[in-house]
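Only one structure is covered here, and it is reproduced in the block below.
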Amino acid sequence: SEILVRAIVAEGRYGSAIPAFGFERRGAPIQAFVRLSNVPILPKTQVYFPDCIVVMDPGLLKAVDVFQGLGGEGLFLINSRGWPEVSCKTVLRVARVDATGIAMRSLGRPILNTTILGALARATGWVSFDSIAAAIRDYFAGNHQVDPEANTRAARLAYEETEVEEVSYAQ
């Protein structure tokens, strides 16, 4: 969420990232909320009615109501090799990418955060891939434990491999 906000701000717009942590252990489900706007952003709370939902673990579809608050103009982006079976009130678009496979090929580990940003840029058009790539490089600059170029390549592959379908699901 922080890298996405950096990319949006670099394009001259406004953004805020609000992480929400539950159990503080590696691998525990987390939520992150992002607001993007052309005008300054005042609210500093979680987003209750999102325009986009990103699910990195398809197992959450059976455990959590991931569609809560998503309106009829929404986008659902999922890390999946196949098209998921989903049931919700309305979704305008569904996008999927095998972010885990891309991360394993590019990074050697299933680290999805930067990878999924490429998919998000492709599926939404809200931010350019060039801004995402620059934000990834900037975010990891000076961090000798992370290869910014490998993360940028993973995001690029996700951008290129993301598939989007215009659909409407009804309960």
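The values are calculated or read from the model by the stated rules, or taken from the named source; none is laboratory data. Computed from a predicted structure; not experimentally measured. Don't worry about glycine lacking a Cβ; one is built from the backbone with ideal geometry, like all the others, and counts go over all protein chains shown. The protein model used for the area step is the full one, side chains on, heavy atoms only, and it has no ligands, DNA or RNA in it. Shrake-Rupley method; radii C 1.70, N 1.55, O 1.52, S 1.80 Å.
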Problem - For the chain, fraction of C-alpha pairs farther apart than 20 Å, in % - result: 52
Practice task
Using a 1.4 angstrom probe, figure out how much accessible area the chain has per residue, in square angstrom, rounded to the nearest whole.
Solution key: 59
Exercise for the section: Quickly rank 7-15, 37-45, 152-160, 99-107 as a protection proxy: mean count of other C-beta atoms within 10 Å, highest first. Expected result: 152-160, 99-107, 7-15, 37-45
Handout entry: Among beta bridges that DSSP assigns inside the chain, antiparallel share in %, nearest 5
Key = 55
Completion exercise
Long-range amide H partners of V55, meaning residues 5 or more apart or on another chain whose placed amide H is closer than 5 Å, are L77, I78, N79
Handout entry: Simple label model, 7 Å out from Cα along Cβ direction - M104 to N38, nm
Key = 4.3
